[in-house]
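Everything on this sheet refers to the single structure shown next.
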Amino acid sequence: MNFLAAFYLMNAHWRDALEIALIWLALYQTWLRLRDTRGIRILTGVGLGTVTVLLLSELLHLPVLDWLLRNIAALGLFALIVIFQPELRRAAAALGNNRLFSNAQQNRETVEILSELTFDLANREFGALIAIERDVPLDPWTASGVELDSHLSAELVVSIFHPKTPLHDGGLVLRQDRVLAGACIFPVTDRTDLDRNMGLRHRAALGLAEETDAVVIVVSEETGVVSLCRGGEIERGFDPETFRARLNELLSTTADDDEA
């Protein structure tokens, strides 16, 4: 009888268990994708503040405050859309399975070209800022520059970043093996913990890397030092071999792989 009762109970409530498991999985996956973003800190602060005020309103019997908080909670969805706009764009792009450099041969050729031109620029001490699009489209920043839509080549990029050319003072956006636009304006990071030697190019590279999953190459005009930015972090001090290996690694993984 106990077995039959347990079987009946399990059969009656398996949908509840499935629903709980699906909700937990969705929340867990959302946390994995948002845990390292700037928005999660805002959300955590707002959430803790709201819970604290709700508890105080219950303990101290403040019905008006409790009513206000519960009724403005509907605005929370809109706030989440605004706060996590970059992450939502990334998730939407991932659903389309639009993976950058899906062709391995094309990936290797592009990495070779980028490695060659980056250190050509460094040796000439030409400052450069190059954003490589991955899953999140860079169209909003491409629109701020001059459309090129040209095949990627070392000669083209080096000539663009020559100090006497009109397009040298801005960012270059790449999509696969195409140069989409030059002289693009990237968002500048508001971090205050950066080395003072890092100029506007480095701050713009970090800003774009914070808001998207792009890989951004920076060449310092003053020192010729090569840097890579992705996920809001910067890596510096590359030689040609380590740069080629690291760039190939970054462009061969998805945004989800990086987060893991």
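The values are calculated or read from the model by the stated rules, or taken from the named source; none is laboratory data. The structure presented is a predicted model; accordingly, all values stated were derived computationally and were not measured. Positions of Cβ are generated from backbone atoms using ideal geometry, with glycine treated the same way; all protein chains shown enter the neighbour counts.
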Quiz item: Got at least one residue in the stretch 184-202 being surrounded by 21 or more Cβ atoms within 10 Å (Cβ to Cβ) and closer than 16 Å to Pro140 by Cα?
Solution: yes
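Using the structure shown, decide if Asp239 is more than 15 Å from Ala128 (Cβ to Cβ), in the same structural domain as Ala128 (by TED's automatic domain parsing) and within 16 Å of the chain's Cα centre (by Cα). Talk me through it step by step, then tell me what you get.
Working: more than 15 Å from Ala128 (Cβ to Cβ): yes; in the same structural domain as Ala128 (by TED's automatic domain parsing): yes; within 16 Å of the chain's Cα centre (by Cα): no.
So Asp239 does not fit the description; no.
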Practice problem: State whether one or more residues within the stretch 190-200 are at pLDDT 90 or above and either over 19 Å from Phe126 (Cα atoms) or β-branched (Val, Ile, Thr) (or both). | Solution: no
Exercise. From (1) under 22 Å from Gly207 (Cα atoms); (2) touching a strand residue (DSSP E or B) at 6+ places or on another chain (Cβ under 8 Å), pick out the condition that doesn't hold for Arg196.
Key: (2)
Practice problem: Those residues that are out of contact with any strand residue (DSSP E or B) (no Cβ under 7 Å at 6 or more places or on another chain) and aliphatic (A, V, I, L, M), I need them from the stretch 151-184; list them, please. | Solution: Ala154, Val158
Quiz prompt | Residues of the stretch 220-241 satisfying the condition of being assigned to a loop (DSSP other than H, G, I, E, B) and of a type in the set (Ser, Thr, Tyr) | solution = Ser220, Thr223
Exercise. Being in a helix (DSSP H, G or I) and either within 18 Å of Leu148 (Cα to Cα) or touching a residue at least 60 places away in the same chain (Cβ under 8 Å) (or both) narrows it down to one of Arg244, Arg203, so name that one.
Key: Arg244
Exercise. Kindly indicate whether any position in the stretch 162-182 is surrounded by fewer than 19 Cβ atoms within 10 Å (Cβ to Cβ) and under 30 Å from Gln29 (Cα atoms).
Key: yes
